[in-house]
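The values are calculated or read from the model by the stated rules, or taken from the named source; none is laboratory data. From a predicted model like this one, the values you see are computed outputs, not experimental measurements. Here the Cβ is made from the backbone with ideal geometry for all residues, glycine too, and neighbour counts use every protein chain on show. Ligands, DNA and RNA are excluded from the accessible area calculation, which covers all protein heavy atoms including side chains. Shrake-Rupley method; radii C 1.70, N 1.55, O 1.52, S 1.80 Å.
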Amino acid sequence: MGDVQNLSIMHSMRSPHKFSFNEIESAETPDLNIFDPDPVDEDDLWFLPASDHATLDTPHDLPLPKADQRPLVDVAAWAQAEADLARPLADLALHVGGLMARLDAGPVGWRHRLALHEAADLSWLAGDRVPMERLALWMTLRLAGDNEDAQALARAGWAVRRLQSGAGPVGDLAGFLGRQSEDRQAVLDDQIADWHEVMEQARDLHPFSKAALGFHIWPIVGLSVGHSLGGGAPLPLMEASVVAARFAVEGFGSAAFLPLALGGAGGLRGAGTPHDRLTRWIAGATHATRAAIRTLDSIDAWEARAQDICAGLSGRTPPQLIRVLRDWPLVSAPMAEAETSASRAAIQRNLNWMSKAGIIHEVTGQGRYRFWRADL
């Protein structure tokens, strides 16, 4: 009995509410145990509000910081950025107009060569690092080296085809992307719907600004997740860039796409405010458009010089070779044969003659498997 009294005394000393042994055993407190902690009033619990209708005046009343309630895409901020950048945006439109004028006056092959150049630069930015010459061989003969990734070449080839011709992304974005995954079709439809919803909110923006917005919201709406173009690694940057490049000039005459990566891709960096992003976008597109114009001017001057030098040659092969060398950055004898339908002997003979005349130069330095390019 003395042990029970000592236990009751010890418990009463550590507990503000004192129970006797009989109280603990009573029916009124059947679940209470001497080893249970003292009950805590709900008003003292930090994870419950003081009342159902209580208002918290300051953030310091919360146990955790408030969630950021700002929208993921602030279209109004993009509109303000466009207004602030009206002058550089007008300069970009002026340069794009100059590019259109040259494309209208030139052959269709110019668009093809620019698309090759743009797709190759985008592949380097995306991590595939496909040179323009290797891409040209893949597009014509499906040739790939032992150490090259055929899927990387296929992805770059997809970009070339989408950039130079075909329906744009405005009417059918899913068809433009060409994603072939039936099990994710519902998810893709939802992502595309979210993308179109934001673009509809920005319908009053200039097409160039709207294209920039479409590029930067690509990962926000989830279009960069869960997809592998051509069976390889996900390439959200290449897809988003090609879509934006075509979207920017939809209905703008001969310019099939807005150059974004020619000569550098600083305009595609995604950090900063909408003003920062649009500033880089306009500057990068202006630089790329100027590079495209310089490329076309160089090709045009080379073609005139080559035709003048080859004017005394007979047959149809020389002018056909000039056309192939104008449209492609790198040409081999089998590739020229496939493009011109001329005999291998005639192709080889004329390529050697043009090389001696200084119109073209051979780039491999080998006796076999040689390649030539125009001496721009």
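Against the definition (modelled with pLDDT under 85, within 16 Å of the chain's Cα centre (by Cα) and at negative phi), how does ARG184 come out, yes or no? Can you show your working first?
Values: modelled with pLDDT under 85: yes; within 16 Å of the chain's Cα centre (by Cα): no; at negative phi: yes.
Here the answer is no, as ARG184 does not meet what is asked.
Go through (1) touching a Phe, Trp or Tyr at 6+ places or on another chain (Cβ under 7 Å); (2) surrounded by fewer than 19 Cβ atoms within 10 Å (Cβ to Cβ) and name the single condition ARG162 misses.
Answer for ARG162: the failing condition is (2).
Please work out if ALA144 is modelled with pLDDT of 90 or more, farther than 14 Å from ALA256 by Cβ and in contact with a Leu (Cβ under 6 Å, 6 or more places away or on another chain).
no
What tally of residues in the range 93-105 results from selecting those that are over 19 Å from GLU303 (Cα atoms) and buried (at least 20 other Cβ atoms within 10 Å of the Cβ)?
Looking only at that region, the number is 1.
Give all pairs with beta carbons closer than 7 Å in which a residue from the range 77-96 that is within 14 Å of PRO207 (Cβ to Cβ) meets a residue that is in a helix (DSSP H, G or I) and open to solvent by 30 Å² or more (accessible area, probe 1.4 Å); count only pairs at least 6 apart in sequence or on separate chains.
Listed pairs, sorted by first residue: TRP78/PRO274; LEU89/GLU82.
Looking only at the range 332-364, count every residue that is open to solvent by 70 Å² or more (accessible area, probe 1.4 Å) and assigned to a loop (DSSP other than H, G, I, E, B) and tell me the total.
1
Out of everything in the range 106-127 that is charged (D, E, K, R) and closer than 13 Å to ALA261 by Cβ, what residue ends up being most open to solvent (accessible area, probe 1.4 Å)?
Here the answer is ASP121.
Which of the following residues is closer than 30 Å to GLU200 by Cα, of a type outside the set (A, V, I, L, M, F, W, C), in a loop (DSSP other than H, G, I, E, B) and modelled with pLDDT under 90: ASP68, ASP31, ASP38, ASP128?
ASP68
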